[in-house]
Every structure is written in C-alpha cells, then in structure tokens.
Amino acid sequence: MIDEANRLLKQGIEQYQTYVETKVLTSLQEAMQSWQQALSLCRGSEASIVEGAALGNLGAAYKALGDLPQAIAFYQQHLSIAQRIQDRRGEANALGNLGNAYYILGEDTQAIEYQQQRLAIVRELQDRPGEVQTLSNLGAAYHSLEEHIKAILCFHQSKAIAKELQDVRGEGQALKNLRLAYTALGDLQAARDYQQQYLTIIRELLAAAKADDFISGAKMLGINPSEDFAEADLSGVNLRSANLRNADLNHTNLSNADLTFADLSRANLSGANLSYACLCNANLRDAHLLHANLTQADLRTKMPRANLTSANLSGANLTSAYLPNANLTNASLTAANLSDADLSGANLSGANFKDAELKRADFKGANVEDALFEGVLGLSEAMKLDLKQRGAIFEED
C-alpha cells in the first residue's frame, strides 16, 4: 500500500511538471487525481509523511488554479501532520507554502509570521538553500509592507548565503530585490550599483544556459525580459522574433544584435545602443528611442509615431521605412538611405539630412522647420523648393 502511494505521489509530480512546462490543464488534473489516490491509500495508515506530501502537492495544484483558500486548507492539513509526526522538513515546506499563499493574498503580516517560523526550522536543519529562499520571501513581504530596512537586511543575508553556495540564480534574485528596495528607500546610487551587479549576473546565467532561444532561456532562469534588460549588455545577441513589447530597454547595449521581426512596440529604448543592429521588419510602433544610437542600423521597418528625438541614425538603412507621424526632432540622418521612406506627418524640425539618399521619400505634411538638407541625393528641384518654402535649410555646393 505504501509503495503504491509513493508511486502515485511520484507520478503526480511528473504530471504536474508536464503542466508547468506545457500549461495543459489536463496534466494538472491528472496530477491532482494521482495525489488524491495516494492520499486515499495513506489515510489511517502509518504513511504519514507520504500523506503530508500529497496534501502539500494538492495545495500547490489549487494554488496553480488560483483557488488560494483551498490551497491554504491543504497546506494547513500538511502542517498539522508534519507537526504531529515531528517531520521538521515537511513542517518547513508547509510553513513556506502558507507564507507564500498569504503573501499573494496581500496579507503580509500573516505571511511574515509563517516565513519567520520556516526560517527558524531551515536554520535548525542547516538547509542553506532553503534559508536563501526563505530570506528572499521574508524580504518580499517586508518590502510589501514598506518596511524597507528589514527587507534590505533579509536580501543582504540571502545574497551572502547564495554567494557562499555559488548559487548564481539566487544571488541574482537577491541583487534584483536589493535594487528595488533601495529604489523604494530613495537611495538611487545604491540601486544603480546593485542593478549593475545584477546585469553582470544575467549575462553569466545566459552564457551558461547556451539557449538557442535567448528570451526563452532568460525566462527559464527567472529573468523578466520586459524589466530586467535595462542597461544590460546584449551586444550581438540573437533576438530574432523576440516579444519585447513595452519592454524597458533604456540604455541597453544592443549593438550588432539581430532584432529581425522583433516586437518592440512601445518599448523604451531611450539612450540604447543599436548601432549596426538588424531591425528589418521589426515592430517599432510608438517606440521611445530618444538619444538612441542607430548608426548603420538596418531600419527597413515600420516605425509609426516612434519618438526618435535627437537619435543618431547616421548611415542607417531606412529604405522604404514607414515613419508617419514619427518624431525626429534634432535627429542625425547624415548619409542615411531614406529612399521610398514614408515621412508623412513626421516632425523633422532641426534634423540633419546631410548627404542622405532621399529618392521618392514622402515628406507630405512633415514639419521640416530648420531641417538641414546639405548634399542630399534624389530630391527633385520642385521638392527642394517646396521644402525650402516650409522652412528647410539647403546648403549646396
């Protein structure tokens, strides 16, 4: 009976892992069925540890379904059994699960109480990895209560232990948490310092992962591409077809990166280095590219309403680029190829088009006040006259 219960317990874990990887609800339901069967076999027997594990796993399943009250009920049953049979490791697991559930519910004080109890047990058991995770969870609850000093103390302890264990992922999470905590505290210099350390960790993790799909590899390592790539060095990285919509990529180094077909709509790329990057057919609708470096970049793509104020697009390939209503105020487009580009309604005031190729470019409705057109190619005399009358500056040999 006990052997069968153990088999069902392990079977459920495998089914649950399949659900985690595929998000197919049937796998979760199968896991729950396996654990319920294991539970039925254990009731009234001496297999209390297996019974507790099945209860804890069922709690995790209900948590995955979003039914936190039911999850808590199972976690409480697990806790009761673990305490009765003096299963300290099981007790620690149940306390941690309860703390996490109450944290999700926004009941931070209750979450802290459970995490503190778990911390005492994992220290008693000398479970150092468990201590790293518990301190991280405890710090998150303090942070949610805006008790930032206590949160920072927890995160520092978590970081120190993770470093000692050579747990790079745990150390990275602690650095990320420290950045957030110091930002909330108003110490922006410390926040920036921890951000730089965190970015170094990210690079190491991704290099070690050797994932074919950079974004998938990042997510597997607990990295959020929408938030965690700001100021990172991603030069030469393959981000082809990556979903970076609304991502914070300010001052990120993406030089020589492959962003073909990438979705960068509404992304914050202010100050980013995209020199020599391939953005062919990328989606840059409403993207923020203030002061971005796009020197020699391949921008044969759609960029309606993109903000390119003071951006450097020298030598960029903008052939047939779609830029209606984009903001290119004071942008440098020297020697850029804008053949067949749609610049209708764009703000080009103060932009520098020196030596640019402008054959069949559409300037209808564009603001060209003080835009410099020196040595440009492909403009008809009629178009030059029209642009001059609209405030453009022509300096020709």
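Nothing in this text is a laboratory measurement; each read-out follows from the coordinates by a stated rule. If you're wondering where the values come from, they're calculated on a predicted model, not measured in any experiment. Note that we place each Cβ from the backbone using ideal geometry, even for glycine, and neighbour counts take in every protein chain shown.
Observations on the model:
- For region 340-394, a/c is less than 1.5, where a ≥ b ≥ c are the root eigenvalues of the C-alpha gyration tensor. That puts it in the rounded class.
- Antiparallel DSSP beta bridges within the chain, as percent of all bridges there, nearest 5: 0 percent
- On Cα atoms only, tilt of 2-22 relative to the major axis of the chain in degrees: 10 degrees
- Residue-by-residue Karplus 3J(HN,Hα) for region 318-332, coefficients 6.51, -1.76, 1.60, Hz, glycine and proline x: 10, 4, 6, 5, 10, 10, x, 6, 6, 9, 10, 4, 6, 6, 9
- Of the GluC sites (Glu not before Pro) found in region 295-397, those that fall in a DSSP loop while having at most 11 other beta-carbon atoms within 10 Å are E395, E396.
- Working ranking of peptides 293-305, 177-189, 71-83 by packing, defined as the average number of other Cβ atoms within 10 Å per residue, highest first, is 293-305, 71-83, 177-189.
- Here each label is just a point 7 Å from Cα along the line to Cβ, and for K219 and A184 those points are 2.7 nm apart.
- Low-density loop cleavage sites - chymotrypsin sites (Phe, Trp or Tyr not before Pro) in region 223-325, where at most 16 other Cβ are within 10 Å (DSSP): F261
- In terms of its alpha-carbon gyration tensor, region 2-207 comes out prolate; a/c meets the 1.5 threshold, and the first ratio a/b outweighs b/c.
- One equal scatterer on each Cα of region 64-173, no solvent, Debye formula: the resulting log10 I(q)/I(0) at q = 0.09, 0.14, 0.20 Å⁻¹ is -0.23, -0.55, -1.04.
- Additional length obtainable on full extension of the chain from N246 to K354, 0.36 nm per residue less Cα span: 35.6 nm
- Region 213-397: relative contact order in percent, alpha carbon pairs under 8 Å with at least 6 residues between: 11 percent
- For the chain, the relative contact order comes to 5 percent (Cα pairs under 8 Å, sequence separation of at least 6).
- Pairwise centroid distance, computed over Cα atoms, of region 250-314 with region 50-95, Å: 49 Å
- Summed over all non-identical Cα pairs, the Kirkwood treatment of region 122-208 gives a radius of 12.9 Å.
- Vicinal HN-Hα couplings computed from phi for region 164-181 (Karplus, 6.51 cos²θ - 1.76 cosθ + 1.60; Hz; Gly/Pro x): 4, 7, 6, 8, 5, 5, x, 5, x, 5, 5, 5, 4, 5, 5, 4, 5, 5
- Using a simple spin-label model with pseudo-atoms 7 Å out from Cα toward Cβ, L105 and R43 lie 2.5 nm apart.
- Shape category assigned to the chain from the gyration tensor of Cα positions, a/c cut at 1.5: prolate
- Pairwise FRET efficiency - E381 versus V168, Cβ, R0 = 45 Å, nearest 0.05: 0.10
- Length released on extending from Q126 to K364, taking residue separation times 0.36 nm less the Cα-Cα span: 78.5 nm
- Estimated from helices alone, the mean residue ellipticity of the chain at 222 nm is -16500 deg cm²/dmol (sum of -39500 (n - 2.57) over DSSP H runs with n ≥ 4, per residue).
- Listed residue pairs exceeding 28 Å between alpha carbons, taken from K63/K163; K163/K219; K23/K150: K63/K163; K23/K150
- Charged-residue dipole, Cβ positions (Lys, Arg, Asp, Glu), region 213-397 about Cα centre, Debye nearest 20: 500 debye
- Cα-centre dipole for the chain with unit charges at Cβ (Lys and Arg positive, Asp and Glu negative), debye to 20: 400 debye
- In order through region 57-65: 3J(HN,Hα) via Karplus (6.51 cos²θ - 1.76 cosθ + 1.60), integer Hz, x for Gly, Pro: 5, 5, x, 4, 5, 5, 5, 4, 7
- Cα centroid of region 343-397 to Cα centroid of region 113-134, whole Å: 67 Å
- In this calculation the C-beta distance from E147 to R84 is compared with R0 = 45 Å, giving a FRET efficiency of 0.85.
- Spherically averaged projected area of region 213-397 from its Cα convex hull (nm²): 8.6 nm²
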